[in-house]
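**Q** My structure is below; once you've seen it, I'll send some questions.
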Amino acid sequence: MRTFKKILIILPLLTFSTLVTALPTKVSLRTPGNNATNVSLTQPSFNWDKVSSSGTVYYQFVISQNSGFTDFNGNDACSDLDKDKNISCSVETISTTTHNRIMGKAGFTYYWKVRAIDASGKGLFSDYRPFTTQLVLPFNGTWYVCQGYNGYYTHLGKELKALDLVNNAALVGNTGCYNPNSSISSTTGQSVLSPGDGIVSWVSLAGWDKNKKPKTGSICIAFKGLSIHFANINISTNIVNKSAVKVNDVIGTVQNLERDQNSKTLDAISHLHMQLFNSSDCSGADIAFGTVFGGNPNLTFSTDTTIKNQWAGRKPDPNDKTKKNTMPNTPLTK
């Protein structure tokens, strides 16, 4: 009979150790701040905090037109990258904690976020932040404020913070908006442009009253968190209620206010009238333009009429018989 012996075989315990390297930490954004407004179109500066790493760190900067970043596929690419410069989505990988890029739309809200990447992989994205780009001036070239705010010749009541503009310094006189000549001024017929991407809230078309005097054409355009009322313009035929407008679209031309329908009477000076509101339909009290056009110039408002840096024609001098022109301190140049 065959006998079997039990043999105990002891094997050494093998220990497997896997080196785990931590992913980069979550990025904290700095500027633009959350819900920042008037962010520059041409020189926006994006900044965030540096994350620590034993190796080289890169940062993935993502910007989108929607807070869900649905146009970002998560694989370091966008479904629509800078199409027609109107950024739908953009992904850029950079090595610093600051970044500048040209934006595509004026008065538009974008969303941005950043994550760090090193040899160990991709860290978590930062919390996203929305920001709104600045509006641009609604005309080409250099124009001048000939009446408005709290100078001697200003607006009153519901138009207290309205501005009147002309395209020639010679039209800014002692009495505010002033045409020293008998001919129709150069502001007549000038194009008025949309200062950003917005929606037309309402339109009031220009025409002629029963006395053959021109009625002023008006339009209200809503942008992000505000609206602007433009008056004294002939509205473009394609501009209707609730229509969308893009930055620099021609919304009309400055109306001829200097002659009646029979071209006989010098009535007033042609000028662009504009007001800013916090509402979406140009209702409520108007507000000062301030830095809405990017802060250059800063169209400030003060109830102190002794402040000289105000946007208005100066007080008439009874001893001045020449009606010498007086320009505001800073012209508005686009």
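The values are calculated or read from the model by the stated rules, or taken from the named source; none is laboratory data. Owing to the predicted nature of the structure, the values given are computational and were not obtained by experimental measurement. Note that each Cβ is placed from the backbone with ideal geometry, even for glycine, and that neighbours are counted across all protein chains shown.
**Q** Any residue at all in the range 145-164 that is outside any loop (DSSP other than H, G, I, E, B), at pLDDT below 85 and closer than 19 Å to Thr291 by Cβ?
**A** Checking the range 145-164: at least one residue is outside any loop (DSSP other than H, G, I, E, B), at pLDDT below 85 and closer than 19 Å to Thr291 by Cβ.
**Q** In addition: Only one of (1) of a type in the set (Gly, Ala, Ser); (2) surrounded by fewer than 20 Cβ atoms within 10 Å (Cβ to Cβ); (3) over 30 Å from Phe131 (Cβ atoms) fails for Ser191. Which number is that?
**A** Status for Ser191: all satisfied but (3).
**Q** Return a yes/no flag: does the range 70-83 have any residue that is modelled with pLDDT under 90 and basic (Lys, Arg).
**A** Looking for residues that are modelled with pLDDT under 90 and basic (Lys, Arg), one finds at least one in the range 70-83, hence yes.
**Q** Also: Restricting to the range 104-118, name every residue that is among the hydrophobic types (A, V, I, L, M, F, W, C) and buried (at least 21 other Cβ atoms within 10 Å of the Cβ). Step through it out loud before you land on a result.
**A** Going residue by residue through the range 104-118, those that are among the hydrophobic types (A, V, I, L, M, F, W, C) are 106, 108, 112, 114, 116-117.
Scanning the range 104-118 gives Ala106, Phe108, Trp112, Val114, Ala116.
**Q** Taking the criterion of being part of a loop (DSSP other than H, G, I, E, B) and within 27 Å of Gln65 (Cα to Cα), would at least one residue in the range 207-225 satisfy it?
**A** Yes, the range 207-225 has at least one match.
**Q** Please enumerate the residues belonging to the range 30-46 that are within 13 Å of Tyr128 (Cα to Cα) and surrounded by fewer than 19 Cβ atoms within 10 Å (Cβ to Cβ). Working first, answer last.
**A** At the first step, the residues of the range 30-46 found to be within 13 Å of Tyr128 (Cα to Cα) are 30-36, 46.
Listed by number, the residues that qualify are Arg30, Thr31, Gly33, Asn34, Asn35, Ala36.
**Q** On to the next question. Would you confirm whether any residue within the range 117-133 is farther than 27 Å from Ser227 by Cα, modelled with pLDDT of 85 or more and among the basic types (Lys, Arg)?
**A** So the first thing to find is which residues in the range 117-133 are farther than 27 Å from Ser227 by Cα, and the list is 117-127.
If we keep only those that are modelled with pLDDT of 85 or more too, we end up with 117-127.
Subset that is among the basic types (Lys, Arg): 122.
The answer is yes, given that some residue of the range 117-133 is farther than 27 Å from Ser227 by Cα, modelled with pLDDT of 85 or more and among the basic types (Lys, Arg).
**Q** Mind listing just one residue for me: the one in the range 49-66 that is modelled with pLDDT of 85 or more and in a loop (DSSP other than H, G, I, E, B) and, of those, surrounded by the fewest Cβ atoms within 10 Å (Cβ to Cβ)?
**A** Here the residue is Thr56.
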